[in-house]
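Structure first, then comments.
The values are calculated or read from the model by the stated rules, or taken from the named source; none is laboratory data. Not measured: the values here are computed from a predicted model. Cβ: placed from backbone, ideal geometry, glycine included. Neighbour counts: every protein chain shown. The protein model used for the area step is the full one, side chains on, heavy atoms only, and it has no ligands, DNA or RNA in it. Shrake-Rupley method; radii C 1.70, N 1.55, O 1.52, S 1.80 Å.
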Amino acid sequence: ERIRAAGFALGARIEPLVKLAAQTRDATVYAIAQSTCTSLGNDPSNATAATDKAWCETLDADQRASLEPDNAVAWLQLATDAEARRDPTTVDDALRRAAAAPALRHHTTAAASQVERHAATSRPSAASLWVHRALEDAGMHSALLPASICADRARREVCQQIAQRLLDQPQAIGDLAQGLALARQLGLDEATLARKRDELEAVQAAEPPPL
């Protein structure tokens, strides 16, 4: 399934990729579909944006969370989606589950490896490089929570737990950035913020790995 998903992503074939994601119990396949949808949606040159958007809207954050209930990233995505549709009960439940989840996985490394394995069997193309970079960007730059979620005083404690987790155990550059944003919003220790900010700036300044 992962190889098939990588093949669909390489050709930016959203319909079969989304259909595969809908049928799978593999969270990495779902991650490939979500990352490709996000990248296509942000691409102004995408000539099939309207059709792609319709297919991508069938991907569901609830489904992602059910595939990997131990992954905080899945629950944070669900909290974000629930906030957008003004469902505070689901937001609160998803935040609690995110804070308690033992893992913090973006699946970008595993997903990119599937792209590489598929691309190795064919001629390298601009599409393969685009998808590889899209998968990296999903983990490196995605914001996990909008500021409005933790503006609610009743959520302060759970948001502090999530911010600390992102700062102490980041799995991607985006985790550090999100942790810092939440920590600043919540008014956490300035010395810790300064140290983590220096760490983030050092990582961002580093030369990106070759594709």
Note to self: Could you go through the range 159-173 and let me know if any residue there is surrounded by 15 or more Cβ atoms within 10 Å (Cβ to Cβ), touching a Cys at 6+ places or on another chain (Cβ under 9 Å), under 17 Å from A98 (Cα atoms) and small (G, A, S).
What the structure shows: yes
Notebook entry, point to check: Pick from the range 37-80 the residues that are more than 27 Å from A100 (Cα to Cα) and of a type in the set (D, E): which of them is modelled with the highest pLDDT?
Noted result: E57
Next item on the list: State which residue is least open to solvent (accessible area, probe 1.4 Å) when the search covers only the range 88-120 and only residues that are modelled with pLDDT of 95 or more and of a type in the set (S, T, N, Q).
Entry: T90
Notebook entry, point to check: Does D189 satisfy the condition of being buried (at least 18 other Cβ atoms within 10 Å of the Cβ), among the acidic types (D, E) and modelled with pLDDT under 90?
Noted result: no
